[in-house]
Amino acid sequence: MHKAAGMKSLAVVSLGLLWTAGGCLDTTATVVSSDEADEAGQTSEAEQASVSDADSDFETVVARRCGGGDDGSKNRLPNNVPVRDATGTYTTVSTQGYIDLDNAFFQNLGGNGRRCVSCHVPTAGWTITPSQLRATFEETDGGAWEDGLGLSAVFRTNDGSNSPRADVSTKAKRRQAYSMLLDKGLVRIGLAVPANAEFELVAVDDPYHFASASELSLFRRPLPIANLKFDSTVMWDGREVIAGAPVQQMLLNQSNDAVVGHAMAPSISQAQRQSIVNFELSLASAQISDDQAGSLYAGGAKGGPEAIHAQEFYIGINDNFGDSKTHQAFNAIVFNLFDAWASPSGAYDRNYAVNEARRSIARGQALFNTRRINISGVSGINDEAAFGKPANVAGTCTTCHDTPNGGNHSVVAPLNIGLVDASRRTADMPLYTLKNKTTGQIVKVTDPGRAMISGKWAHIGRFKGPMLRNLAPRAPYFHNGFAADLAAVVDFYDERFNAKFTKQEKADLVAFLRSL
């Protein structure tokens, strides 16, 4: 990959220089907290200004918002910078008081030019998205030129291309080589079948002609790095989980493994690891406004990121088998953010359409908490001795999404809900045929999931459930980008579990999920 003498786009050059120089086009930001929301339930003028002033790309946010601190530091973004997404506006709040762009998270730590921010972009829900990637691709000639922020370095062949042997000699060929990134925001994770595996790989159908038992190509979405206070399992397949260790220790290991693996750099220092992890753990990110419902703070609602910092969490909170500290029974009422909107007075706004949108969100929350679903055929539940290996479990969405106002599983509990089955394979995904060494049983999957770490046959296809806060900006969804939008997520669960949601129930669930 070559570097040109200049940038493709003057705008990109300017923005990169603005950041490295610490300058700003506009160091003022109109921000709104939950304390400032109109107690009567109306969207305040300050928040309307904040929403209308929101940007949607990282380069513009940095150019307009970065500013110096009292201690002389130059590269900071203030808390509560509004960021546009497809259905509203979200923001991020750090317990440090600002987003520190001098943190090791944003630094080039050597290797191939990658930085943590290359795959965890603040204006893309702290992950990457196809629209953001396509814009970066065009601005940087498919990663051939640097953009000054590290975003173009996502286009690297070690794991950004469909195959590490992909031809990237021209822009047209780079577009083809990086199609999984550009279409679904997927990076390629290369893992070998474990030596102690209870299964063997007997056939590979890889459209990119690379994968083998020594290195399967597993296409996965980068997980967002905000709201990690809720995390119980690090990585989709839990490969960074250390039994008995605190999540912070797992993240310290993960930060180094990411630099070595993704950035192709030497191991970083303990201080650099701690810097990255402290930064990540400081962040809370959530929607603050919805295009239909307006302010997600209004009328007593508790949307936005400030409440995330205040929310209690510990491993095993509200677990299916009882809370790990209080020993209280599992409570299916996991979300209460929009309880106030369940009543007409709480949802009140002078605009009738806004009232209806708020009531829809409240109905969606109630459905998520209480709508009964027959859980069957889920590896990790229906085949687990801890559950009694029941053929069916009468549950709700919160059976698996049990962390209060977070929505992930509060303990390590990877599940196989059928996303990797051969029947759901798309033409752009490899298909792997695995054979049980003892029984001879055959299974075909697009990604063996947790089994690539544990080697256990029963773990094939199991993945962690992600945190659900700030979903709106980070489509597509699921580990493999299977669902293009939140409506497709709801449709998947409706079909998979024969939930028989009505059209209105589907709309209410989507309204709720996009408001998190």
Please count how many residues of the stretch 165-192 are buried (at least 18 other Cβ atoms within 10 Å of the Cβ), under 26 Å from the mean Cα position of the chain (by Cα) and part of a loop (DSSP other than H, G, I, E, B). 3
Among (1) modelled with pLDDT under 95; (2) at positive phi; (3) among the charged types (D, E, K, R), the one test that ASP141 misses: (1)
Tally time: how many residues in the stretch 372-404 are among the small types (Gly, Ala, Ser), surrounded by 14 or more Cβ atoms within 10 Å (Cβ to Cβ) and assigned to a strand (DSSP E or B)? 2
Among the residues of the stretch 301-323, is any closer than 19 Å to SER118 by Cα, under 21 Å from the mean Cα position of the chain (by Cα) and not hydrophobic (A, V, I, L, M, F, W, C)? no
Mind telling me which of the residues LYS435, LYS444 ends up being closer than 23 Å to ALA197 by Cβ and touching a helix residue (DSSP H, G or I) at 6+ places or on another chain (Cβ under 7 Å)? LYS444
Which count do you get for residues in the stretch 100-121 that are in contact with a Ser or Thr (Cβ under 9 Å, 6 or more places away or on another chain) and under 13 Å from ILE225 (Cα atoms)? 6
Residue that is among the basic types (Lys, Arg), over 30 Å from ARG363 (Cα atoms) and surrounded by fewer than 19 Cβ atoms within 10 Å (Cβ to Cβ), where the choices are ARG425, ARG462, ARG450: ARG425
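Table: residues versus (1) of a type in the set (D, E, K, R); (2) touching a strand residue (DSSP E or B) at 6+ places or on another chain (Cβ under 6 Å).
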position	(1), (2)
SER345	no, no
ALA353	no, no
ALA357	no, no
ASP383	yes, no
VAL393	no, yes
Hey, which of the helices (runs of 4 or more DSSP H) in the stretch 417-516, taking only ones fully inside, have at least 3 residues that are over 30 Å from LYS229 (Cβ atoms)? 486-496, 503-513
Exclusive hit being of a type in the set (Ser, Thr, Tyr), closer than 25 Å to SER379 by Cα, touching a strand residue (DSSP E or B) at 6+ places or on another chain (Cβ under 7 Å) and surrounded by fewer than 23 Cβ atoms within 10 Å (Cβ to Cβ), set TYR493, TYR477: TYR477
Residues satisfying the stated conditions in the stretch 109-164, i.e. of a type in the set (Ser, Thr, Tyr), part of a loop (DSSP other than H, G, I, E, B) and surrounded by fewer than 24 Cβ atoms within 10 Å (Cβ to Cβ): THR129, THR140, THR157, SER163
Write out, first by first residue and then by second, each pair whose Cβ atoms fall under 7 Å of each other, whose residues are 6+ apart or on separate chains, and whose first residue, in the stretch 245-271, is without any contact (Cβ under 8 Å) to a residue 40 or more places away in the chain and within 20 Å of TYR314 (Cβ to Cβ) while the second is of a type in the set (Val, Ile, Thr) and surrounded by fewer than 14 Cβ atoms within 10 Å (Cβ to Cβ). GLN249/ILE242; MET250/ILE242
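The values are calculated or read from the model by the stated rules, or taken from the named source; none is laboratory data. Quick caveat, the model's predicted, so the values are computed rather than measured. Methodologically, a virtual Cβ is constructed for each residue, glycine included, from the backbone with ideal geometry; neighbour enumeration extends over all protein chains shown.
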